[in-house]
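In what follows, a structure is listed as structure tokens, so that the remarks can point back to it.
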Amino acid sequence: MNICEKEVIARILTIAGSDSGGGAGIQADLKAITVLGAYGMSVVTGLTAQNTMGVQGVYPAPADFVALQMESVLSDIGADAVKTGMLVNRKIVLKVAEQLRNYRIKTLVVDPVMASESGYPLFETSARSAVTDDLLPLAHVVTPNLSEASALCGFTVKDLAGMEAAARRIHTMGPRWVLVKGGHLKGDAVDLLFDGHDFQTFRAQRVDNPNTHGTGCTFSAALATLLGQGLPVPRAVESAKAFITKAIVHGLSLGSGHGPTNPYAHVRQLIRQNRA
């Protein structure tokens, strides 16, 4: 008798940089993907030397090797959703976009990472046109924060009106949905979702916790996972925001600087619910 059952599980691929401190990048992505019940895979675009104090260095992977990693994963296992994070330079962006087209990836979340939370540059400015011209037209959802939206649009985004203008501008670059994240606004953390016609807002009370390293990575990984599991975009955004809010509330006081968010808080809550 065959006691093994074939389990259907969403396959989520993260294309991003490695964080030696484990709080952001592919390490954070794989943690979020796993605790949300999906199967995580990774393509490493570069190595970073970093900890809770900041980034000490970045070493890009060869663009052809990034493409080979994508080919290895997508030609064999496939993916129900893909997210991109740190892409480092123009050559990598173009190779990633080429492979996404080759494998006809439909559910793509682009987190346009440009700098670390401490301000260390993680993306060459000269590569920005490759993102807008080659990558964003492939995106199902793009998730810029205020500074990333400002860089993509060419004007400063600092309030809700600016977020709306940025969402409209970024939508013309090709993504089906634009989510401008307002985590750096004063007051509540408000995210703005735009489908080209209508806006939806998602609010959460601001959490007074300095341990927020990896917030953007964790959020976009959660969003990609939920989309890969079949949720429509608005519901996936709502659930991903609840997930990252909980991860920030239970952020970990590790190291001497800003500790990481805690995606495992989601699992701990489920465990408590099951024991109740």
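The values are calculated or read from the model by the stated rules, or taken from the named source; none is laboratory data. Just so we're clear, the structure is a prediction, and the values are computed from it rather than from any experiment. In this analysis, Cβ positions are derived from the backbone assuming ideal geometry, glycine residues included, and neighbour counts consider all displayed protein chains.
General observations
- Test for Ala221: is it among the hydrophobic types (A, V, I, L, M, F, W, C), on the phi < 0 side of the Ramachandran plot, within 14 Å of the chain's Cα centre (by Cα) and surrounded by 16 or more Cβ atoms within 10 Å (Cβ to Cβ): yes
- Of the criteria (1) at pLDDT below 95; (2) under 24 Å from Arg176 (Cα atoms); (3) surrounded by fewer than 20 Cβ atoms within 10 Å (Cβ to Cβ), which one Ser118 fails: (2)
- Output for segment 25-60, where each listed residue is in contact with a strand residue (DSSP E or B) (Cβ under 9 Å, 6 or more places away or on another chain) and either without any contact (Cβ under 8 Å) to a residue 12 or more places away in the chain or in a helix (DSSP H, G or I) (or both): Gly25, Ile26, Gln27, Ala28, Asp29, Leu30, Lys31, Ala32, Ile33, Thr34, Gln56, Gly57
- Hits in segment 196-211 (condition: surrounded by fewer than 18 Cβ atoms within 10 Å (Cβ to Cβ) and of a type outside the set (A, V, I, L, M, F, W, C)): Gly196, His197, Asp198, Gln200, Thr201, Arg203, Gln205, Arg206, Asp208, Asn209, Pro210
- Residue list for segment 72-122, restricted to those being under 21 Å from Pro260 (Cβ atoms) and in a strand (DSSP E or B): Lys83, Thr84, Val109, Ala115, Pro121
- Inspection of segment 130-150 finds a residue satisfying the criterion of being under 17 Å from the mean Cα position of the chain (by Cα), crowded, with 23+ Cβ neighbours inside 10 Å and part of a strand (DSSP E or B).
- Pro263 assigned to a loop (DSSP other than H, G, I, E, B), in contact (Cβ under 8 Å) with a residue 12 or more places away in the chain and in contact with a Lys or Arg (Cβ under 6 Å, 6 or more places away or on another chain): yes
- Positions within segment 160-188 being within 16 Å of Lys241 (Cβ to Cβ), touching a strand residue (DSSP E or B) at 6+ places or on another chain (Cβ under 6 Å) and not in a helix (DSSP H, G or I), in sequence order: Trp177, Val178, Leu179, Val180, Lys181, Gly182, Gly183, Asp188
- If you check Leu193, Leu231 for being modelled with pLDDT of 90 or more, surrounded by 17 or more Cβ atoms within 10 Å (Cβ to Cβ), not polar (S, T, N, Q) and not in a helix (DSSP H, G or I), only one passes: Leu193.
- Residues within segment 173-195 that are among the aromatic types (Phe, Trp, Tyr) and within 16 Å of Leu135 (Cβ to Cβ), tallied: 1
- Single condition Thr245 does not satisfy, out of (1) surrounded by 16 or more Cβ atoms within 10 Å (Cβ to Cβ); (2) outside any loop (DSSP other than H, G, I, E, B); (3) free of Cβ contacts under 8 Å to residues at least 24 places away in the same chain: (3)
- Among the residues making up segment 196-216, none is basic (Lys, Arg), over 30 Å from Met53 (Cβ atoms) and not in a strand (DSSP E or B).
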